[in-house]
Each structure stands twice: as C-alpha cells, then as structure tokens.
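S.K.: A single structure is presented below for examination.
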Amino acid sequence: METTEYVAGFWVVDAADHATALALATAASRACRRRVELRPFL
C-alpha cells in the first residue's frame, strides 16, 4: 500500500489536566520534529 502521509503510531499519556497534556505534546512535537495532535481519550 502506498501513502503520501507519514504514519508513525500514537502515544497514550495520562496527564493531570489539559494544560499538562498540552505541554507534553508541545515538548514531544519539538523532540521528534513532527506535528503531534492532542486528543482527549474518553
């Protein structure tokens, strides 16, 4: 199968609140030099 998108997987992170999760996602995005999408896991 061919794709034009880069698919790498996902991380599940247990954070105290949205602000903490956002800070973690920002740091992860900088570390891997890719966009990281933050979504709540209900």
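S.K.: In whole Hz, with x marking every Gly and Pro, tabulate ³J(HN,Hα) for region 25-42 from phi via Karplus 6.51 cos²θ - 1.76 cosθ + 1.60, θ = phi - 60°.
M.R.: Running phi through 6.51 cos²θ - 1.76 cosθ + 1.60 with θ = phi - 60° gives 5, 5, 5, 5, 4, 5, 5, 9, 6, 9, 6, 10, 9, 9, 9, x, 10, 9 Hz.
S.K.: Report which label in (i) 2.5; (ii) 3.8; (iii) 2.8 holds the value of mean projected area of the Cα convex hull in nm² derived from the coordinates of this structure.
M.R.: This structure yields the entry labelled (ii).
Values in this text are rule-based calculations from the coordinates and carry no lab data. This is a predicted model, so every value here is computed, not measured.
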